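Chemist: Take this structure first; my questions come after.
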Amino acid sequence: LFCSSRYRGDCRRACLSRRCIYNFRVLIIIMPTTNAQRVTNSSSSTPIVVLHAHKIVVFCSGAIFLCLFAVNLHLVGNLEQQSIGIGTSDSWQMQNFAIQDSINEIQVDAYHRHDNNNTTTTNPVVAYFRRAGVELDNDSIERLPTWSQIESLIGKKPVFRGLDTCETFRQNVPPLSRMLGSAGMFNSGTNLVTRLMKENCVIPERFNKYGPNGSKEDYGIRWQVPWGKHVPANFKNNHTAPKNENTIKDHCLPIVTVRNPFDWMVSMCNIPYTARWPHNKICPHLVQTYSNGEKVPVGVRVKLAEQWLNFDSLADLWNEFYAQYYRDFEYPYLIVRFEDLTFRQYDTTKTICECAGGVVKPQDMFKYIIKSAKQGPGHGKVSDRTGMVEAWIKYGQPKKVKGGFSDEDYDAAIEFLSHDFVESMGYKYPPPAPITV
C-alpha cells in the first residue's frame, strides 16, 4: 500500500480494515515517517512493515513474532519505473496511484479468495457493495438485481464513444495543461461523473507541480467544461461559463454523460430544469393527436447559454445535444453512459481518467459514490434523490412495457430517436405490448 499525506485517511482505513488484516500475512506500507506512527499504533496482530526512503521499521503488536524479512529496494525502484514516469524521490505522494497495476492485482486476488470462502459474498453484487464499503441487509439483497440481470440491460462491459480521440488529446495537449470536465444534458449523470473523477483521478504531472495540498482543479479535474456542462457543443467557441474566462477550452477534454433516452425522458418529466413543454398529464408527451387523427410533435423550449433554444420534441433535444459532440465536434471528446457510472464505477472511471493521461486510485483505495451525487438546491426534493443502493434497485429492473409510455408516445419515441446513436451506445428499446388474440 503506497500512502500519501493527502490520502493517509483512506490508507489507514485500507491498512487496518478487517479485509486487509485477514488477507495478508504481513502488511508492507510505504509512507513518510510522519504518518508511520498512526499505522504502527494499530492493535492488530498482523505484522506491519513500514518502508521509508532508506530504512525499514518492523512493528509487531499483540503477539511476539520472529520476523525474518529481506527487502530488495531495487524491486521498489522497478515498480516505480513502471509507474508512467512519476515515481521520483520527490513525488512519493503519487505512488499510491502510480503502481496500481503492479500491486492492485495482488490485492484484488486476495480479496476475492477471501470472498469465495464466505458463502454470503459469493454473490457478485454483494461483493461489489462490500468493496464500496456498504454492508447490505437481507431486504436490500433481495431487492437488488442480480449481476446477470444488470448485464442483460446494459451489456457485459462499459460502452464509450470517442475513445479513438483520446490519443489525439494526449498528443496535442501538454500534460501540465490537461483538464477533464463534465458535459451532458440535465439528468444524465454529470454530477456523478464529476464526483467520481474528483475523488479518484489526477493528472500526475499536475499533481507533482501543485503538491499534496492542491485543489482538484489544480490536479486537472474541473466541475464542468469551460463552455458550460449543459451548453450544446456548438456554443464552445462563443460561450464561456463563469470563472472560466482564462481557461483554454481546447485543453479540456469533455466527458459527456448520456442516459437511456426512455429513462432520461421520464426523469425530465419529474425534474425538467429549464426545459418547458406541456407534460403535466402525459409524460413525456412527444406528440399531440388531434380529432382528425393528425399527430404533431410537441415542441420543447430550453434555456441554455442564457438564451431560449427550440427543439421539435423532447426526443429531438436528446438527439441534437449528443449529435453536436459525435457528429459536429472537431475536438477530442468522450461519451460515457450513466448506466456504466452507476453499475461499474471503478472500470468506467479508470477508462475516463486514462483517456486524458490521468491515473486512477487502485481499486482497493477507490472511493465509490454511495450517496446521491446531486447535492444542494435545484435538484428536486432531497427525499427523491437516489443513492447507490436505491439507484441499483431502481435502474436494475427490467424495462416496463413500452417504457411506461402511452401508445402514441412509444411509437413517436421509436420514430424520433436517432437509431444509430441509440444502438451505438448499447441501448435497447423497451419491449412493445404483447399481442393478444
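What follows draws every value from the coordinates through simple rules; no lab data is involved. Just so it is clear, the model here is predicted, and its values are computed rather than measured. Ideal geometry is used to build each Cβ from the backbone, glycine not excepted, and the neighbour counts take in all protein chains shown.
Chemist: With a sphere of radius 12 Å drawn around the Cβ of residue 420, what net charge do the other residues whose Cβ falls strictly inside it have (Lys, Arg +1; Asp, Glu -1)?
Modeler: Surrounding charge for residue 420 is +1.
Chemist: Once the convex hull of the C-alpha atoms of the range 195-256 is built, how many Å³ does it hold per residue, rounded to a whole number?
Modeler: Spread over its residues, the Cα hull of the range 195-256 gives 96 Å³ apiece.
Chemist: For residue 357, which sequence-distant residues (separation of 5 or more, or a different chain) have an amide H within less than 5 Å of its own amide H, given hydrogens modelled in the peptide plane?
Modeler: none
Chemist: Hey, another quick one. Determine by what factor the alpha-carbon radius of gyration of the range 134-212 differs from 2.2 N^0.38 Å, reporting the quotient.
Modeler: Dividing the Cα Rg of the range 134-212 by 2.2 N^0.38 Å gives 1.55.
Chemist: HN-Hα J couplings of the range 229-242 from phi, Karplus 6.51/-1.76/1.60, θ = phi - 60°, integer Hz, Gly and Pro as x?
Modeler: Computed from phi, the couplings for the range 229-242 are 5, 9, 7, x, 4, 5, 8, 3, 8, 10, 9, 10, 6, x Hz.
Chemist: Continuing with this model, one more query. Calculate one ³J(HN,Hα) per residue across the range 266-280 by plugging θ = phi - 60° into the Karplus curve 6.51 cos²θ - 1.76 cosθ + 1.60, and present them in order as whole Hz with x for glycine and proline.
Modeler: For the range 266-280, the Karplus-derived couplings read 5, 5, 5, 5, 6, 9, x, 6, 9, 7, 10, 6, x, 8, 5 Hz, x marking Gly and Pro.
Chemist: Please quote Rg/Rh for the range 303-364 to two decimal places, taking the Kirkwood radius as Rh and restricting both calculations to Cα atoms.
Modeler: Answer for the range 303-364: 1.10.
Chemist: Restricting attention to the range 295-361, which GluC sites (Glu not before Pro) occupy a DSSP loop and are surrounded by at most 10 other Cβ atoms within 10 Å?
Modeler: Of the GluC sites (Glu not before Pro), the ones in loops of the range 295-361 whose Cβ has at most 10 other Cβ atoms within 10 Å are 306, 330.
Chemist: Under a point-charge model restricted to the Cβ atoms of Lys and Arg (+1) and Asp and Glu (-1), what is the dipole moment magnitude of the range 121-215 relative to its Cα centre, in debye to the nearest 20? Each step should come with its number before you reach the end.
Modeler: On the way: 12 positive and 9 negative charges, 84 e Å.
The dipole of the range 121-215 has a size of about 400 debye.
Chemist: Right, something else. Report the gain in length on full extension from residue 165 to residue 142: 0.36 nm times residue separation, minus Cα-Cα distance, nm rounded to one decimal.
Modeler: 4.1 nm
Chemist: Fully extended, how many nm does the chain gain between residue 424 and residue 176 (0.36 nm per residue separation, minus their Cα-Cα distance)?
Modeler: Value of the extension gain: 86.0 nm.
Chemist: For residue 327 and residue 237, FRET efficiency with R0 = 25 Å and r from the beta-carbon atoms, rounded to 0.05?
Modeler: 0.90
Chemist: Starting from the eigenvalues of the Cα gyration tensor, five times each then square-rooted, give me the equivalent ellipsoid semi-axes of the range 279-324, largest first, whole Å.
Modeler: 23, 12, 9
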